[in-house]
1. Surrounded by fewer than 17 Cβ atoms within 10 Å (Cβ to Cβ) and not hydroxyl-bearing (S, T, Y): does that describe E372?
2. Report yes if K34 is buried (at least 21 other Cβ atoms within 10 Å of the Cβ) and modelled with pLDDT of 95 or more, otherwise no.
3. Would you mind stating whether S25 is assigned to a loop (DSSP other than H, G, I, E, B) and touching a Leu at 6+ places or on another chain (Cβ under 8 Å)?
4. Can you name every residue in the range 418-447 that is within 13 Å of S292 (Cβ to Cβ) and in a strand (DSSP E or B)?
5. Quick one: which of L239, L179 is at pLDDT below 95, on the phi < 0 side of the Ramachandran plot and in a helix (DSSP H, G or I)?
6. Could you please give the count of residues in the range 40-75 that are in contact (Cβ under 8 Å) with a residue 60 or more places away in the chain and open to solvent by 70 Å² or more (accessible area, probe 1.4 Å)?
7. Out of all the residues in the range 250-300, which are open to solvent by 10 Å² or more (accessible area, probe 1.4 Å), acidic (D, E) and over 18 Å from P323 (Cβ atoms)?
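The values are calculated or read from the model by the stated rules, or taken from the named source; none is laboratory data. Predicted, not measured: the structure shown is a model, and the values here were computed from it. Backbone-built Cβ (ideal geometry, glycine too); neighbour counts: all protein chains shown. Surface areas here come from the heavy atoms of the whole protein model, side chains and all, with no ligands, DNA or RNA. Shrake-Rupley method; radii C 1.70, N 1.55, O 1.52, S 1.80 Å.
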Amino acid sequence: MQYDDSQIRAIKEENNCLLIAGAGSGKTATIIGKVRYLIEEKKIDKGKILLLSFTNEAVNSLKEKLATYDCVVDTLTFHKLSMRILNNGHAQIIDDDYLEYIIDEYFKSYIFYDSKRRKEWANYLYKININDAIFKSKIYLETKKTIYTFIKLAKGKNLSYRELYAFYKKSFFRDYTLLKYILDIFLIYKNELESFNGVDFDDLIIEATKEVTDGTLPYKYVIIDEFQDTSKIRLDLILKILKVNRARGFFVGDDWQSIYRFSGCNINIFLNIAGYIPDIKILKLQYTYRNSQELCDICERFILKNKYQLKKDIKSTKHIDKPIYIMINYSLPDLLRQIDNEDLMIIGRTNEDIAHIDFPHKLTIHRAKGLEAKNVILVNSQNIPHKCSNNRIFRFLEDNKRHIIDDEERRLFYVALTRCQEHIYIMTTEPLSPFLKEIIRDGRQRIAIKKYHRGTSS
């Protein structure tokens, strides 16, 4: 396997290291190279190397690649590592669907069993009609997502009910009502889990961290993939292992692609890692092997509109004059008749955006992260940035008062733009979204705009 200079430097770095790896920069190859270097050059026992990632899919992919080089090491998700530490077969592990169930049941009690609460809930939802259809309405689904995300963020920071109550006491007007719902649901959820000895994935990590002591784990090197998606409780577990085992850490990620805040991830950990590990070395992968230089330039200008993103100056040897096509008022069949379908991926902001599409290679943007195709179609781009009416509530959980959700929507659009090896076709209706207007204004000479008219296109 061939490596460029920045990859070799990262692979051979002896100290704690944060490797900032942009889209298509060979992140996975560098991780594999690091494991091989430790085993083949530094003669580190395979059993003393731990490789962590955040999804089963990512873990399985890493395992397969390591197996081809006979360099199989413990490759786990944080949850599998936590279960190994606890070695506890008594607790019942529940997935995140249970929290959604609790939220639904809570509001059903408002609507069907308590007339006073029903009136309060109806007022909160702007006096909409109260019936079964409310649970499929946009405003309810947004409120449900807000509550779910708030609780996941709170648990990801290991906040207690008392700390959340302090937020509630500081709130006012609309925030006050929503935070009251959140407090109720948080407590109900906690009590429900305790009633059947249940733990969710966050509890699992918190409890595992308490159990890490000298001799619990054999690891001397901890390598973490997709580090931009870590949370405070995951960081606490990592730091405990590094301290107890006197181990080294090698963390790989990209702050431009941090898009899992709704599951409790905190980008500020990535941006401020030196505050947690003062002696950490920060390196960057400088080249992309996926995108053209023209697309890189457009994407970098776009993402750096977020005030706190890290500058990278990514370089590519690939050149495509117009890598972005904006397709206004096109239907998907119309577009597919005009482009090469041989290596194609179709993505959208939500499951609803792609639900009606009968192509095997479709994914949401979240699921597309880490994937690539020669050509990419982004459908319903007018839905990005997605606006939620409850954005203000998250300021209670942030380290500062920035518009965090708007920042994440920009990162999500960046991820969509950088999935293509050659061209991205952005489908939209009019009026154009603020993000599309931006990239047209900043990179017009590198963007083709086509508008569909009946019987023809221009």
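1. no
2. Criteria met by K34.
3. yes
4. C420, Q421, E422, H423, I424, I447
5. Exactly one of L239, L179 is at pLDDT below 95, on the phi < 0 side of the Ramachandran plot and in a helix (DSSP H, G or I), namely L179.
6. 1
7. The answer is D279, and nothing else.
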